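First the structure, in the form of structure tokens, and then the observations on it.
The values are calculated or read from the model by the stated rules, or taken from the named source; none is laboratory data. The structure displayed is predicted, hence computed values, not measured ones. Glycine also receives a Cβ, built like all others from the backbone with ideal geometry; neighbour counts cover every protein chain displayed. Surface accessibility is based on the protein's heavy atoms, side chains included, excluding ligands, DNA and RNA. Shrake-Rupley method; radii C 1.70, N 1.55, O 1.52, S 1.80 Å.
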Amino acid sequence: LPRVLSGIQPTADSFHLGNYLGALKDWVGLQDGYDALYFIPDLHAITMPQDPKLLAKRTRVSVAQLLAIGIDPNKSTLFVQSQVPQHAELAWVLNCLTGFGEASRMTQFKDKSAREGNEQASVGLFTYPILQAADILLYRAQHVPVGEDQRQHLELTRDLAQRFNSRYKKTFVVPDAYVIKGTAKIYDLQNPTAKMSKSAASDAGIINLLDDPKVSAKRIKSAVTDTDREIRFDRATKPGVSNLLVILGALTGESIETLETGYEGKGYGDLKSDVADALADFVTPIQAQVKEFLADPAELDRILTIGAERARAIASVTLRQVYERVGFLTPK
Ligand code: ATP
Ligand code: MG
């Protein structure tokens, strides 16, 4: 089976609907046709300041959410990045293959460091995409499901793979960006031209999987729409209404056209309460499952131990080859 690899950072108390509809839903489907590896990149998370207790808690909650939405540890390798030391070890070798100027062109660093204030931004944030390259290359993954925001990083990964292969010996698979099809980009309810984001300045426009459905219903009912009354998909002139239609369509499986027809003669209030109901139906069982997984930390640890062992078994083979090819002595 071809191999896919993807990760989601433990940087919030809950994943949001954009994470689910834009990525995680697809991860679930990929488990059948692929050898899938999914991980929580906690090493990446500390490129921005994190409270230690909160990071640990969010890592567990992240794993519980992946299990609750249908990531099956018997089908996929599910692990926490810091439990596989080869990620950091390969990243060092790749750091030494990356030009300073090349790393300086990464736009995520420019964006995130500008937010932090350039002097405060860590060197880890600067080398973030190189660690990401290590994540991918360690497992020789052919396909890497990424959003549009990660395309530049994947390009760097490809460059580094080719550079290592030609400087030393063919070692890495040069991965392709797997453009997630049939998934939706979800926008902020209050600012429907900006993507829904964990790190948004305000959470008023975010729909979190783990929020009380009543809280989400309130946010949905306050979603920004427009001044006419027509329920019609049109991103350019009706971004708020379009976003709600996309969310409802994704949650119910209805096409946008069917929804538009059904809402003829109805108002935004109807649409919003249907979105709120569909959301409640969707998150209620997920929340119950998350609770169950969190109530049994020994089982969660068992799942992660198995995942980390499987990941290390693959990663250690790649790293051993890399070390040997670079000229490091093999420990006897
Ligand atoms: P941050 O703001 O901290 O970057 P994020 O909300 O962008 O957080 P990530 O952990 O960076 O979340 O992304 C996890 C996955 O979710 C990625 O595959 C990303 O492409 C996808 N994703 C994030 N936001 C959206 C969105 N609004 N719509 C669709 N997909 C999204
Ligand atoms: Mg992001």
Give just the number: which of (1) over 25 Å from residue 312 (Cα atoms); (2) more than 20 Å from the chain's Cα centre (by Cα) does residue 97 not satisfy?
(1)
May I ask you to verify whether residue 281 is under 30 Å from residue 91 (Cα atoms), free of Cβ contacts under 8 Å to residues at least 40 places away in the same chain and of a type outside the set (S, T, N, Q)?
no
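Within segment 4-19, identify whether any single residue is more than 29 Å from residue 201 (Cβ to Cβ) and either surrounded by fewer than 20 Cβ atoms within 10 Å (Cβ to Cβ) or in contact (Cβ under 8 Å) with a residue 12 or more places away in the chain (or both), and answer yes or no.
So in segment 4-19, the residues more than 29 Å from residue 201 (Cβ to Cβ) come out as 4-5.
Within this subset, residues satisfying the condition of being either surrounded by fewer than 20 Cβ atoms within 10 Å (Cβ to Cβ) or in contact (Cβ under 8 Å) with a residue 12 or more places away in the chain (or both) are 4-5.
Checked against the condition, which is being more than 29 Å from residue 201 (Cβ to Cβ) and either surrounded by fewer than 20 Cβ atoms within 10 Å (Cβ to Cβ) or in contact (Cβ under 8 Å) with a residue 12 or more places away in the chain (or both), segment 4-19 yields at least one hit.
Name every residue in segment 1-23 that is part of a loop (DSSP other than H, G, I, E, B), within 11 Å of ligand 2 (Cβ to nearest atom) and not polar (S, T, N, Q), in order of residue number. Full working, then the answer.
Start the filter on segment 1-23 by keeping residues that are part of a loop (DSSP other than H, G, I, E, B), which leaves 1-2, 8-15.
From the residues that got through so far, the ones that are within 11 Å of ligand 2 (Cβ to nearest atom) too are 8-9, 11-12.
If the condition is that a residue be part of a loop (DSSP other than H, G, I, E, B), within 11 Å of ligand 2 (Cβ to nearest atom) and not polar (S, T, N, Q), then 8, 12 are the ones that fit.
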Given the condition outside any loop (DSSP other than H, G, I, E, B), modelled with pLDDT of 95 or more, within 21 Å of residue 173 (Cβ to Cβ) and polar (S, T, N, Q), answer yes or no: does some residue in segment 126-134 qualify?
yes
Somewhere in segment 101-111, is a residue acidic (Asp, Glu), at pLDDT 95 or above and either in a helix (DSSP H, G or I) or open to solvent by 50 Å² or more (accessible area, probe 1.4 Å) (or both)?
yes
Of the residues in segment 168-186, those that are away from ligand 1 (no atom under 16 Å from the Cβ) and either small (Gly, Ala, Ser) or buried (at least 22 other Cβ atoms within 10 Å of the Cβ) (or both) come to 172
Boolean, residue 126 is in contact (Cβ under 8 Å) with a residue 24 or more places away in the chain and away from ligand 2 (no atom under 16 Å from the Cβ):
no
Within the group 213, 175, which residue is over 14 Å from the mean Cα position of the chain (by Cα), over 30 Å from residue 94 (Cα atoms) and of a type outside the set (Val, Ile, Thr)?
213
Provide a single number: the residues in segment 141-167 that are farther than 21 Å from residue 26 by Cβ and surrounded by 17 or more Cβ atoms within 10 Å (Cβ to Cβ).
5
The lone condition residue 75 fails out of (1) open to solvent by less than 40 Å² (accessible area, probe 1.4 Å); (2) under 25 Å from residue 2 (Cβ atoms) is (1)
Filter segment 187-230 down to the residues that are open to solvent by less than 30 Å² (accessible area, probe 1.4 Å) and free of Cβ contacts under 8 Å to residues at least 60 places away in the same chain and list them by number.
188, 189, 192, 205, 220, 223
Cβ-Cβ under 7 Å pairs, at least 6 apart or on other chains, segment 321-332 side over 11 Å from residue 90 (Cα atoms), far side open to solvent by 70 Å² or more (accessible area, probe 1.4 Å) and assigned to a helix (DSSP H, G or I)
330/324
